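Nothing in this text is a laboratory measurement; each read-out follows from the coordinates by a stated rule. All values reported here derive from a predicted model rather than from experimental measurement. Positions of Cβ are backbone-derived with ideal geometry, glycine not excepted, and every protein chain shown enters the neighbour counts.
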Amino acid sequence: MLNSPSPSTGEVVTTEDRDTDEQRAFRLKARDWMKDNLPPRLPDEAANAFEDLELVARDRELQTKIHAAGFGGLQGIPVPVEYGGLGLDQRFEDIFFEEATPYRLPWHFGNATNIVIPCLLEHGTEEQKRKYLPKILDGTHYWAQLLSEPSGGSDLAGVLTRAEKRGDTWILNGSKVWTSGGHICDMGLCLARTDASLRKHAGLTMFLVDMHHPGMTVNQIELVMGGADFCQEFLDDVEVPDEDVLGEVNGGWKVAGTQLVSERKGMARGWFVGLNRAEVLDGIELSERYGMIAKHVGVEKDPQARQLLGEVFVYDTVKDLIGKRINAGIRNGTFTPEAGSISSLMSSVFDIDRTRLLSALAGPEGIAASPDEGELSIGIGMSRVTTHRIGGGTLEMQLNLVAERHLGLPRELGPAPDTPFNQLKANKTAKIA
Amino acid sequence: MDVTLNEDQTMLQDMTRRFLEDRSPITALRKQADNDGGFDRDVWKDGAELGWVALFVPEDNGGIAESAGGVADAVVVAEELGRVVFSGPFLSTCAVADAIARSGSAEQRDAHLPGLAAGDTFGAWCLSGRGPMAGMDAGSVTAAQSGGGHELNGFAAFVQDAGDADLLLVTARDGDGISQFVIPAGTAGVSIEPMEALDLGRRLSVVTFNGVKTDANALLGEAGKGADALEKQLQVLLALQCAETVGVADRAFEFTLEWVNDRYAFGRQIGSYQGLKHRLARHCGHLEGAKAAAAHAATAVQSGASDAAIAVSIAKSQCGRAATEIIRDCLQMHGGIGLTWEHDIHLYLRRAVSNEQLWGSPAAHHERLCQLAGV
């Protein structure tokens, strides 16, 4: 169902007719094992909810179980055998996800599998790959991305967290913020400044950081919409051994580039792999919920309200159709992976439009409800009335990405590109070494 | 438009684009508009030989329907026609050919389809009158039994290409049902009055039926039972029109991107200013949305999918509104030159605005979506 916001538990559609004998055998083995070993996918259960410590713990066990059964762990099928994966081609992973449609998968490993695995494979030393990749796939390590800072998130290369080398150890000091699930993570990819006398992008290094280090303080952030999935970290003399530098010293921006591209690819394909599958063509189904809201408010016959409803149907459907189109285009080479930014942008744009329309539709019913009104009411949650789009890259950054990376428009002029970082203008509170 | 065109469709696209660049570039529309003339019949005849109408016509009647992809192929042509704001009667003639191929008797198919497929004759569809549901709801023409045939009274407005048409497809209210007729445009009692149209390449008319007597051969399908056929015809027409609109917007967006890259102000390319590039990024997203919706609609209509009715209304709303909004803003980004008759962008904007309102305004399709959703 295109308009369904929750995991589909509908009919399983497979590409079984394309299987080779080997793929067929793999499919049947997976099908047989899943039947007795994977929990069902529940429509009301969130794919990702870092606050739900019980679900997080269950996902960890689930990852361990999938790995132990010989299926590589979530997204481990194409990972080489020496790093804990199965070393099979993508087709086998597609088969696994087709078969897993009715079941819960350990989606809390999404950061690790969508972002950290590609980064380690591309930039990691042999030792790093052998040490860390198996621990993602066997459920030992949840990973965080320590990127944004209180001084700014969009201008990622402007990070202020410092790393200084003492002997064979790097000492990290500073603060990171907007870390998804930081409080449950075991390891983090942390971007820090190692030389402020170089130009902004040149003095950065990426570190593999132990989130359980005594110098690491992790606080959950309470949000206006409720929930506290995001964290802020304070790093006070956090020690990282030299062998846990990922990529070159002062070459961190290159690793961050891989990180961001991996994130965009993941977003474009569908972050929670196996939750939505691009290759299955579904028809449009108009959500019943909006009509129920209109009836609840008593405006289902009002011509103006019907226009709002019609528009919401269009936004929801077009948003999904764009996602499918971009996915298919990236897969067959019509688009570069950069086009994934169009899906993200339009997802934001339509979410904002939908919120505005539903608020107009609901009228006063959208700002207050009696305690007994329950689900049918449009409710008074802030998520229904705010029209923000900040997480995962602000709307403005997404617009830049589409304009500059996809449409190829010229960049805005900034300070001279070779200006040393410590001579750039910065926030008054910034302490730049 | 579709990112998953097959090999034949890619060939059709290349062939159509080359043909139009050679024979009917945007300058052709300008010439016709300046001369207040119709479209170029030679170009139409040669286009018809490329299969433009024949896609809807069975092999027995001079077409290629059996070996082609129907609407899914025709939208490829429609999109290319949009890129040059083509002025020939493509939508009307295809819609009439499709209706006759779908519902016509053997005699009707034999009589009408070969001429339409060959590009020798043209059709126009008289569906509805004026008002908020214009272009979607039948009812402004009524049919009543008379002798062995029917008598038609009433009028249809905004009828595309009626002035050039040899054949009229008339959709009429018949008691509680819908009856459809195919009659010669010169039938006694039919009068065709041209309207003045915003789009320089679109000829629209009011067609009046004053006691028009039809014989039994004129009835298309069964009397009073035309509602399902009407819905199918409308779906085909909307899929084609949305694809055309996508072509219009796509081309205007393309040359606007070239413009903002080439044009300098305050020492910088104007496309480097966020004031413009953020708007262009949004337009790009909405254009992708229009392409995705139009492609989905074409596929759904061609395969007779259960969501086809919804899909065409979604596409009509998205394509209609996005194209207009995008091209209006593209004109703004051109500055003064965009306001001159000499620049092509107004030709694109006229077609987009016109397409947005013809065959059901976005508002009419929003209402239809509510009905389809059971609200």
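Roughly how many whole Å is it from the C-alpha centroid of the stretch A:225-268 to that of the stretch B:1-18? Result: 43 Å between the Cα centres. The phi-based Karplus calculation (6.51 cos²θ - 1.76 cosθ + 1.60; θ = phi - 60°) puts the 3J(HN,Hα) values of the stretch A:180-194 at 5, x, x, 6, 10, 8, 9, 9, x, 8, 10, 8, 9, 8, 10 Hz, whole numbers, x for Gly and Pro. One decimal place: the segment A:Glu22-A:Asp242 gains 74.8 nm when fully extended, by the rule 0.36 nm per residue minus the C-alpha distance.
Magnitude of the charge dipole for the stretch B:7-121, about its Cα centre and with charges confined to Cβ atoms of Lys, Arg (+1) and Asp, Glu (-1), is about 380 debye.
The convex hull around the C-alpha trace of the stretch A:284-393, projected and averaged over every direction, spans 7.9 square nanometres.
Note on B:291-299: average number of Cβ atoms from other chains within 10 Å of each residue's Cβ is 5. Straight-line cross-link partners of A:Lys65 among the lysines, defined as a Cα under 18 Å from its Cα and at least 8 positions apart when in the same chain: A:Lys29, A:Lys35, A:Lys135. Cross-link partners for B:Lys45 among the lysines, with Cα-Cα distance under 23 Å and sequence neighbours closer than 8 places in the same chain left out: B:Lys31. When the Cα positions of A:Ser180, A:Ile136, A:Leu146 are compared along the charge dipole of the stretch A:132-216, A:Leu146 comes out farthest toward the positive end, with charges on each C-beta of Lys, Arg, Asp and Glu.
Once you have a ≥ b ≥ c as the square roots of the Cα gyration tensor eigenvalues for chain A, tell me rounded if a/c is under 1.5, and otherwise prolate or oblate according to whether a/b is larger than b/c. In terms of gyration-tensor shape, oblate.
Each residue of the stretch B:77-193 gets 125 Å³ once the volume of the Cα convex hull is shared out per residue. Taking A:Leu235, A:Leu53, A:Leu172 as the candidate residues, the one with maximal mean-square fluctuation in a Gaussian network model of chain A, Cα springs under 10 Å, is A:Leu53.
Does the stretch B:7-121 come out rounded, prolate or oblate by the C-alpha gyration tensor, with a ≥ b ≥ c the root eigenvalues, rounded set by a/c under 1.5 and, if not, prolate when a/b is larger than b/c and oblate if not? Here the stretch B:7-121 falls in the oblate category. Each listed q (0.09, 0.10 Å⁻¹) maps to a log10 I(q)/I(0) for chain B from the Debye sum over equal C-alpha point scatterers, namely -0.49, -0.60.
Rounded, prolate or oblate: pick one for the stretch A:201-349, where a ≥ b ≥ c are the square roots of the eigenvalues of its C-alpha gyration tensor, a/c under 1.5 means rounded, and failing that, prolate if a/b is larger than b/c, else oblate. Oblate is the answer for the stretch A:201-349, as a/c is 1.5 or above yet b/c matches or exceeds a/b. Taking A:Asp302, A:Asp372, A:Asp21 as the candidate residues, the one with maximal mean-square fluctuation in a Gaussian network model of chain A, Cα springs under 10 Å, is A:Asp372.
Could you work out how far the C-alpha centroid of the stretch B:58-76 sits from that of the stretch B:191-263, in angstrom? The distance from the Cα centre of the stretch B:58-76 to that of the stretch B:191-263 comes to 19 Å. For the pair B:Asp120 and B:Lys225, what calculated FRET efficiency results from E = 1/(1 + (r/R0)^6), where r is the Cβ-Cβ distance and R0 = 41 Å, to the nearest 0.05? Plugging the Cβ-Cβ distance into 1/(1 + (r/R0)^6) gives 0.85.
Normalised by the number of residues in the stretch B:7-121, the average gap of Cα pairs under 8 Å and 6 or more apart makes the relative contact order 34 percent.
Here the relative contact order of the stretch B:124-220, from alpha carbon pairs under 8 Å that lie six or more residues apart, stands at 32 percent. Here the contact order of chain A, divided by its residue count and restricted to Cα pairs under 8 Å and six or more residues apart, works out to 14 percent. Could you tell me the center-to-center distance, by alpha carbons, between the stretch A:120-194 and the stretch A:196-213 in angstrom? Each part reduced to its Cα centre gives a spacing of 8 Å. Neighbour counts of other Cβ atoms within 10 Å put A:Ser154, A:Ser343 in the fewest-to-most order A:Ser154, A:Ser343.
Global size of the stretch B:124-220: 12.7, 42 Å for Rg and Dmax (C-alpha atoms, Rg to one decimal, Dmax whole). Look at the stretch A:407-420: the mean tally of other chain Cβ atoms within 10 Å of its residues' Cβ atoms is 3. Lacking any other cysteine beta-carbon closer than 4.7 Å, the following Cys residues of the protein assembly as shown have no compatible partner: A:Cys119, A:Cys185, A:Cys190, A:Cys231, B:Cys94, B:Cys126, B:Cys284, B:Cys330, B:Cys370.
Ranking A:Phe97, A:Thr113, A:Gly72 by Cα position along the charge dipole of chain A, where only Lys, Arg, Asp and Glu carry charges on their C-beta atoms, puts A:Thr113 farthest toward the positive end.
Here the residues B:Trp125, A:Trp178, A:Trp170, ranked from fewest to most Cβ neighbours within 10 Å of their Cβ, fall in the order A:Trp178, A:Trp170, B:Trp125.
Checking the cross-link pairs A:Lys295/B:Lys225; A:Lys131/A:Lys254; A:Lys254/A:Lys425 against a 28 Å limit on the alpha carbon distance flags A:Lys295/B:Lys225 as lying beyond it. Counted by neighbouring Cβ atoms within 10 Å, the residues A:Glu338, B:Glu356 run from fewest to most as A:Glu338, B:Glu356. Using equal-weight Cα scatterers in the Debye expression, the normalised intensity of the protein assembly as shown in log10 at q = 0.08 Å⁻¹ is -0.79.
Seen from a random direction on average, the alpha-carbon convex hull of the stretch A:155-213 projects onto 4.5 square nanometres.
Along each principal axis, taking the top coordinate minus the bottom one, the Cα set of the stretch B:227-372 gives 60, 27, 23 Å in descending order. The label point for A:Glu51 and the one for B:Ala216, both projected 7 Å from the Cα toward the Cβ, are 7.5 nm apart.
Listed by chain and number, the aspartates and glutamates whose C-alpha is less than 14 Å from the C-alpha of B:Lys232, apart from same-chain residues fewer than 8 away, are B:Asp98, B:Asp137, B:Asp307.
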